[in-house]
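Heads up: the structure comes next, in structure tokens.
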Amino acid sequence: MKTVQIKLASETYNITVGHDLLKDCGNWVKKCLTANTKKIVIVSNQKVFGLYGEIVLNGLETVGFQCLVCLIGDGEKYKNFRTLEKILKFCGQQKISRTDAILALGGGVVGDLAGFAASIYLRGIAFLQIPTTLLAVVDSSVGGKTGINTEFGKNLVGAFHQPSGVLVDIQTLKTLPKRELTAGFCEVIKHGVIGGKDLFETTSDFLKQYPPAKFNKFFDLADFIRQSENLIAEQVAFKAKIVAGDEKEEISRDDSQSRKILNFGHTVGHALEKITDYRRFKHGEAVGYGMLVAAEISKNLDIFPKHELKSLNEVVHLAGKLPNAADLSHEAILNALSHDKKNIGNSLKWVLPETIGKPRIVDAKEISEQIIRKSLQTAFGEKLNGKRNNRINKQIS
Ligand SMILES: NC(=O)c1ccc[n+]([C@@H]2O[C@H](COP(=O)([O-])OP(=O)(O)OC[C@H]3O[C@@H](n4cnc5c(N)ncnc54)[C@H](O)[C@@H]3O)[C@@H](O)[C@H]2O)c1
Ligand SMILES: [Zn+2]
């Protein structure tokens, strides 16, 4: 078992990483909270609760907590005001008090919603996370960002609300579908590319030894468990370090340690999600392509060495197969990028790799449209014929 401490100006808490930890989650919660806590609202969805709900409930009830289960719909489309209201109403009906807590059991959707509810219910109550997707483990459960989607866009309403503790049980990843693993590993790779050569190498070696396509076969191997724990603890420690140095993502910062570097791969990633109406790609898969494009741009600007681009490409492919992107209209991607630019006050920034492990934040003004087009072409492979592209253009507009 490993513990990563997150030290922020306002508070300090631990992320505990290990295996077979769920059965003892009651004692973990006791360590995270004050002695006054009596009730715990478990927010989850049917699928995850069906897999891990009973063991968590038993763990909590054995040490005396009163548990109340609030199940929400499964998927990004439920990350909205309506579900938030449902959770808040549930807390009110169950007479949850300021000394009680909300526990998220699930992926990033459950975590973002439960965390946001905890941040505003009675002006803020304690929040705990048991993330159960790889993406939630290494990314969304670290850093205190919570929120929901609105009709104007994703994650546009939310709050910073740090959890009192995060419990990662590697064993929960055994039931993850392959695409969720690939998506999670893309964010894992992202941390490697911006975090340091060592983190990149550890990630790459892990993926070579334990391909995501056969992931669930490895869980009986002691070495796999040990290496997974190490990799996840290193990943979490990296994100924790960045978050600690820039807790609220200061707008004016654009240095190589600012929280903005975590957006590596997300500029094109968000554009891909948007033009396909959030249906074709899992978020992490879109980030996978986004990293390939950003790295191509960097190479085309003579910032990023060719052999490092090759290593990055290889590792992204080790994460698993990404959905086809060669048929997507470059025009639509460029439009989505310029729309983003307007939304954030004409100051779109790209996070580009300078070397593996060293990101640079570059103003969009410094990158010509021609370079972006060329990089899209290479990263997505050959485009299909014009006819198909026209059809897709129409669907988008
Ligand atoms: N707060 C942040 O800092 C932050 C960072 C990155 C992403 N996010 C958010 O996270 C969300 C994406 O999270 P996600 O990728 O975890 O998606 P998700 O929460 O939708 O989970 C993906 C799917 O996996 C299922 N699942 C979860 N755990 C499982 C398990 N152990 N076994 C089998 N199935 C399981 C879920 O029910 C769901 O169907 C997005 O809304 C994104 O905006 C937030
Ligand atoms: Zn992301």
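Derivation of every value follows stated rules applied to the coordinates shown; laboratory data play no part. Keep in mind that this is a model prediction, so the values were computed, not measured. With ideal geometry, Cβ positions are generated from the backbone for all residues, glycine too; neighbour counts draw on all protein chains shown.
Here are some notes:
- Filter result for Phe224 (free of Cβ contacts under 8 Å to residues at least 24 places away in the same chain and not basic (Lys, Arg)): yes
- Remark: pairs (first residue in segment 151-169, of a type in the set (Asp, Glu); second residue exposed (fewer than 15 other Cβ atoms within 10 Å of the Cβ); Cβ separation under 9 Å; 6+ apart in sequence or on different chains) = Asp169/Asp20.
- Residues in segment 112-125 that are in a helix (DSSP H, G or I) and farther than 12 Å from Ile148 by Cβ: Ala118, Tyr121, Leu122, Arg123.
- Residue list for segment 250-301, filter: within 12 Å of ligand 2 (Cβ to nearest atom), among the acidic types (Asp, Glu) and surrounded by fewer than 24 Cβ atoms within 10 Å (Cβ to Cβ): Glu273
- Only listed residue being more than 21 Å from Val4 (Cα to Cα), of a type outside the set (Ser, Thr, Tyr) and touching a strand residue (DSSP E or B) at 6+ places or on another chain (Cβ under 7 Å), chosen from Gly92, Gly147, Gly115: Gly147
- When segment 88-111 is limited to residues that are of a type in the set (Gly, Ala, Ser) and assigned to a strand (DSSP E or B), the one that is nearest to Gln235 (Cα to Cα) turns out to be Gly106.
- Any hit, segment 189-210, residues being closer than 30 Å to Leu352 by Cβ, surrounded by fewer than 22 Cβ atoms within 10 Å (Cβ to Cβ) and within 16 Å of ligand 2 (Cβ to nearest atom): no
- Taken over segment 173-194, the criterion of being of a type in the set (S, T, N, Q) and near ligand 1 (Cβ under 10 Å from one of its atoms) is satisfied by Thr175 alone.
- Screening Asp198 on (1) farther than 30 Å from Asp327 by Cα; (2) outside any helix (DSSP H, G or I); (3) among the charged types (D, E, K, R) shows it passes everything except condition (2).
- Residues of segment 234-268 that turn out to be part of a helix (DSSP H, G or I), closer than 18 Å to Gln5 by Cβ and not aromatic (Phe, Trp, Tyr), as a count: 11
- Within this structure, Leu60 passes the test of being farther than 30 Å from Ala286 by Cα and out of contact with any Ser or Thr (no Cβ under 8 Å at 6 or more places or on another chain).
- When Asp100, Asp139 are checked against the criterion of being touching a residue at least 24 places away in the same chain (Cβ under 8 Å) and within 16 Å of ligand 2 (Cβ to nearest atom), a single residue qualifies: Asp139.
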